[in-house]
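Asks: Input: one structure, supplied below.
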Amino acid sequence: MIKFEKNSLEHYSFTMSEVRDEQHDYFLQEFKPNDAKLFLVGRIRKKDQEKASLFISIDENDFAHSLPNLPFGGLWTQESIPSDVLGEFISFLLDSLTQLQAKKIAITQAPAAYGNQADLFSYLLFKSGFGLENLLNHQVVCGKKRIKKWLTQNFNKLHKKAKENKFNVTTGNIQSFTFLEEIAAWKDDRGHKQPLDENRLIQQVSTYPERYFVITVLHNGTAVAHALTVKLTGESLYYFYSAINPKNQLRLTGQLMMAYLLKLAAEQKVGLLDLGSSESNDEPNHKLIYFKNKYTDAFCNKPTWVKVL
């Protein structure tokens with residue numbers, strides 16, 4: 001069993017050990033990546049109480065990543081931690097990974113909307129010799145009052161308009177995966193990449209069926225759009241995979257998808273709705289950014305930091 005330990009400043013201590021039956025508010029971190037030869041978790045503790053954690057996978061090529069094939073990994077904190085302690089924790093991680101003969105590490109840090117020390121941690125990674133490999137921009141809605149206000153002002157009008165134009169919308173937990181075939185076909189028609197690992201998604205949905213939702217917009221009884229969302233944490237809903245039939249050019253389709261996402265966020269009692277990044281084949285999708293901006297109130301960067309060990 002691998003385990004590294006170090007005492008730090010102000011009653012803080014650090015550990016790194018193999019993942020064993022973890023439970024975390026960000027539940028996707030519990031799933032061991034398919035290509036992992038080692039699956040580790042680094043922790044910051046204060047007087048034996050966990051204050052922060054960071055999950056790391058090491059593959060057969062000795063490449064460490066936090067975390068591959070997930071929305072993000074990075075540092076998750078339960079309370080504010082002094083910057084000097086965070087800096088020392090980064091050094092501890094690098095020393096531990098070097099002893100494990102890892103050759104390189106990448107950390108994809110969650111956007112600041114998920115934790116108020118995300119930007120500080122990114123700054124400290126940069127100052128520790130990490131380079132910025134990739135940057136995505138997420139558009140988010142922050143605050144239950146903001147979500148409720150939008151629904152109060154807009155939902156009933158849109159719902160009435162939908163009925164007048166023979167639209168209907170269904171929302172619920174995933175009962176089957178046939179909608180993925182339609183999303184794939186619509187994305188193909190638009191020439192968009194399809195990065196989703198369906199087998200991994202099915203595994204995650206099977207383990208946590210209550211966390212996943214699909215919103216389907218129908219016009220004249222036929223599905224014209226699907227949106228897949230996940231309750232990433234107890235306080236956040238993440239919209240991450242969707243498509244609209246390119247043959248459907250009605251503006252109301254996208255408006256209804258957004259309206260029901262906000263409605264689902266209110267029903268799930270979350271304070272953060274993350275509409276994700278807006279790219280088409282690795283380039284900014286300005287039209288989609290503009291569309292989402294009608295519903296969101298903040299932009300948050302999601303950086304991936306890399307360092308050769």
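Asks: Out of Val85, Val140, which single residue is touching a Cys at 6+ places or on another chain (Cβ under 7 Å) and in contact (Cβ under 8 Å) with a residue 12 or more places away in the chain?
Replies: Details: Val85 fails: touching a Cys at 6+ places or on another chain (Cβ under 7 Å).
Within the list Val85, Val140, the selection yields Val140.
Asks: May I pose another question? When residues of segment 57-116 are filtered for being more than 27 Å from Gln139 (Cα to Cα) and modelled with pLDDT under 95, how many remain?
Replies: 0
Asks: Taking segment 235-251 only, how many residues are at pLDDT 95 or above and either out of contact with any helix residue (DSSP H, G or I) (no Cβ under 6 Å at 6 or more places or on another chain) or not assigned by TED's automatic domain parsing to the domain that holds Thr171 (or both)?
Replies: Counting residues in segment 235-251 that are at pLDDT 95 or above and either out of contact with any helix residue (DSSP H, G or I) (no Cβ under 6 Å at 6 or more places or on another chain) or not assigned by TED's automatic domain parsing to the domain that holds Thr171 (or both) gives 3.
Asks: Within the bounds of segment 26-34, is there any residue that is touching a residue at least 24 places away in the same chain (Cβ under 8 Å) and of a type in the set (Asp, Glu)? Full working, then the answer.
Replies: Residues of segment 26-34 that are touching a residue at least 24 places away in the same chain (Cβ under 8 Å), as a first pass: 26-29, 31-34.
Filter once more, keeping what is of a type in the set (Asp, Glu): none.
There is no residue in segment 26-34 that is touching a residue at least 24 places away in the same chain (Cβ under 8 Å) and of a type in the set (Asp, Glu).
Asks: Shifting gears a bit: So, in segment 2-39, of the ones that are of a type in the set (A, V, I, L, M, F, W, C), outside any strand (DSSP E or B) and within 27 Å of the chain's Cα centre (by Cα), which residue ends up nearest to Thr98 (Cα to Cα)? Spell out how you get there, then give the answer.
Replies: Going residue by residue through segment 2-39, those that are of a type in the set (A, V, I, L, M, F, W, C) are 2, 4, 9, 14, 16, 19, 27-28, 31, 36, 38-39.
Now narrow it down to the ones that are outside any strand (DSSP E or B): 2, 9, 19, 27-28, 31.
Cutting the leftovers down to within 27 Å of the chain's Cα centre (by Cα) gives us 19, 27-28, 31.
Numbers: Val19: 19, Phe27: 28, Leu28: 26, Phe31: 24 Å.
Among those that are of a type in the set (A, V, I, L, M, F, W, C), outside any strand (DSSP E or B) and within 27 Å of the chain's Cα centre (by Cα), it is Val19.
Asks: Among the residues of segment 165-174, is any in a strand (DSSP E or B), in contact with a Phe, Trp or Tyr (Cβ under 7 Å, 6 or more places away or on another chain), touching a residue at least 60 places away in the same chain (Cβ under 8 Å) and not basic (Lys, Arg)?
Replies: The initial filter retains those residues of segment 165-174 that are in a strand (DSSP E or B), namely 167-173.
Okay, now just the ones that are also in contact with a Phe, Trp or Tyr (Cβ under 7 Å, 6 or more places away or on another chain), so 169, 171-173.
Filter once more, keeping what is touching a residue at least 60 places away in the same chain (Cβ under 8 Å): 169, 171.
Of the ones still in play, those that are also not basic (Lys, Arg) are 169, 171.
Yes: segment 165-174 contains one or more residues that are in a strand (DSSP E or B), in contact with a Phe, Trp or Tyr (Cβ under 7 Å, 6 or more places away or on another chain), touching a residue at least 60 places away in the same chain (Cβ under 8 Å) and not basic (Lys, Arg).
Asks: Filtering segment 185-200 down to residues that are within 21 Å of the chain's Cα centre (by Cα) and more than 25 Å from Ala259 (Cβ to Cβ), which residue is surrounded by the most Cβ atoms within 10 Å (Cβ to Cβ)?
Replies: Among those that are within 21 Å of the chain's Cα centre (by Cα) and more than 25 Å from Ala259 (Cβ to Cβ), it is Arg200.
Asks: Residues of segment 202-228 being in a strand (DSSP E or B) and under 10 Å from Ile174 (Cα atoms), which ones? Spell out how you get there, then give the answer.
Replies: Looking only at segment 202-228, we keep the residues that are in a strand (DSSP E or B), and these are 212-219, 222-228.
Answer for segment 202-228, where residues must be in a strand (DSSP E or B) and under 10 Å from Ile174 (Cα atoms): Tyr212, Phe213, Val214, Ile215, Leu228.
Asks: Given the criteria of a type in the set (Phe, Trp, Tyr), modelled with pLDDT of 95 or more and either surrounded by 14 or more Cβ atoms within 10 Å (Cβ to Cβ) or within 20 Å of Ile107 (Cβ to Cβ) (or both), does Phe31 qualify? I'd like the intermediate steps shown before the answer.
Replies: Values: of a type in the set (Phe, Trp, Tyr): yes; modelled with pLDDT of 95 or more: no; either surrounded by 14 or more Cβ atoms within 10 Å (Cβ to Cβ) or within 20 Å of Ile107 (Cβ to Cβ) (or both): yes.
So Phe31 does not fit the description; no.
Asks: From the list Ala266, Ala243, which residue is surrounded by 21 or more Cβ atoms within 10 Å (Cβ to Cβ), among the small types (Gly, Ala, Ser), touching a residue at least 24 places away in the same chain (Cβ under 8 Å) and over 30 Å from Phe130 (Cβ atoms)? Full working, then the answer.
Replies: Values: Ala266 fails: surrounded by 21 or more Cβ atoms within 10 Å (Cβ to Cβ).
None of the others qualify; the one that does is Ala243.
Asks: How many residues does segment 40-97 contain that are in a loop (DSSP other than H, G, I, E, B) and either surrounded by fewer than 18 Cβ atoms within 10 Å (Cβ to Cβ) or among the small types (Gly, Ala, Ser) (or both)?
Replies: Applying the first criterion (in a loop (DSSP other than H, G, I, E, B)) to segment 40-97 yields 47-48, 60-62, 67-72, 74-75, 78-82.
Subset that is either surrounded by fewer than 18 Cβ atoms within 10 Å (Cβ to Cβ) or among the small types (Gly, Ala, Ser) (or both): 47-48, 60-62, 68-69, 74, 78-80, 82.
Here the count works out to 12.
Asks: In addition: Return the residue satisfying two criteria in turn: it lies in segment 121-146 and is of a type in the set (D, E, K, R) and in a helix (DSSP H, G or I), and of such residues it is nearest to Phe299 (Cα to Cα).
Replies: Applying the filter and picking the extreme gives Arg146.
The values are calculated or read from the model by the stated rules, or taken from the named source; none is laboratory data. Please read these numbers as outputs of a predicted model, since none were measured by experiment. Note: ideal-geometry Cβ built from the backbone for every residue, glycine included; neighbour counts use all protein chains shown.
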